[in-house]
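Okay, structure first, notes after.
Read-outs: derived from the displayed coordinates by stated rules, not from any lab. The shown structure was predicted, so the numbers you read here are calculated from the model rather than taken from an experiment. Note that each Cβ is placed from the backbone with ideal geometry, even for glycine, and that neighbours are counted across all protein chains shown.
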Amino acid sequence: MLKTVRKIIRQSNHIVFLTGLGSVVECGGRDLWDSDLFYSIEKEYKMCPEQLLSAGEFSSRKERFYEFYKKEVLSYLPKPDETYEIMKFLEDEERLQSVVSFNIFGLEKLAGINNLVEVAGSVYDNYCPKCLKTFDVPYLLASRSIPECDECKKALRPNIRLLGERVDNDLYTKAAIECYKADTIIVLGADLGSSKVQYVTGHYKGENLILFSKEEKYGDRFADYALYGSIKENLKKAVL
Ligand SMILES: [Zn+2]
């Protein structure tokens with residue numbers, strides 16, 4: 001399997017990566033849906049992470065939203081590892097068409113990758129809904145309660161998709177077009193069975209949908225090839 005995947009990647013010139021939480025966790029990021037963490041958050045906040053990161057919570061209980069967001073999300077931001085360096089390397093070699101990120105952790109941008117579609121938004125993009133001025137993560141973390149615009153005093157909005165909000169159709173269309181143009185798609189720790197991923201991969205016309213994942217999932221049947229174990233280690237073996 002690895003030999004075949006290696007050969008496919010070597011012959012590909014329009015690779016599209018789809019990144020999910022699996023590759024984020026390997027960089028030290030948190031998966032709030034991991035059962036132990038999910039349970040401890042539910043116990044502490046009396047709500048599950050999905051509710052705490054929902055549009056309803058943001059609009060009606062901003063103080064609690066930001067308390068949770070700053071403490072449990074922004075305080076644990078991961079740094080890109082070799083997985084992201086490999087994607088950057090392929091971009092420099094002009095063999096990477098783009099990366100479509102299904103998570104909010106912005107690791108691709110930190111790794112310097114330019115051809116990027118962040119369909120779920122990014123924790124690094126925060127803005128004032130009134131004047132559209134942007135603010136970085138340290139600014140949010142330094143705020144005492146609800147972070148506000150330093151000019152118009154409006155509560156800031158993190159540019160991530162909250163539960164209950166519509167998906168950004170323009171971004172999904174862009175991601176689908178990238179997949180349509182790809183010769184090879186490499187999925188890193190994303191669930192191929194999820195409807196959002198399926199919408200995007202559904203536009204792929206090739207036969208090289210390669211999955212790198214820590215462990216098997218039901219949706220893996222949509223992959224043409226699957227490699228299990230450390231995403232980073234397997235990707236190194238398949239590309240370098
Ligand atoms: Zn403002």
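General observations
- Only one of the listed residues (Thr173, Thr201, Thr134) is polar (S, T, N, Q) and within 30 Å of Leu2 (Cβ to Cβ). That residue is Thr201.
- Residue that is farthest from the chain's Cα centre (by Cα), among those in segment 76-101 that are buried (at least 23 other Cβ atoms within 10 Å of the Cβ) and of a type in the set (A, V, I, L, M, F, W, C): Leu96
- Failed item in (1) more than 16 Å from the ligand (Cβ to nearest atom); (2) surrounded by 13 or more Cβ atoms within 10 Å (Cβ to Cβ); (3) of a type outside the set (A, V, I, L, M, F, W, C), with Asn126 passing the rest: (1)
- Residue among Leu192, Leu227 that alone is assigned to a loop (DSSP other than H, G, I, E, B), within 20 Å of Leu2 (Cβ to Cβ) and either in contact (Cβ under 8 Å) with a residue 24 or more places away in the chain or among the polar types (S, T, N, Q) (or both): Leu192
- Taken over segment 144-175, the residue count meeting the criterion of being touching a residue at least 60 places away in the same chain (Cβ under 8 Å), more than 19 Å from Asn103 (Cβ to Cβ) and not aliphatic (A, V, I, L, M) is 2.
- Of the helices (runs of 4 or more DSSP H) contained entirely in segment 51-110, those carrying at least 3 residues that are more than 19 Å from Ser23 (Cβ to Cβ) fall at 55-60, 62-68.
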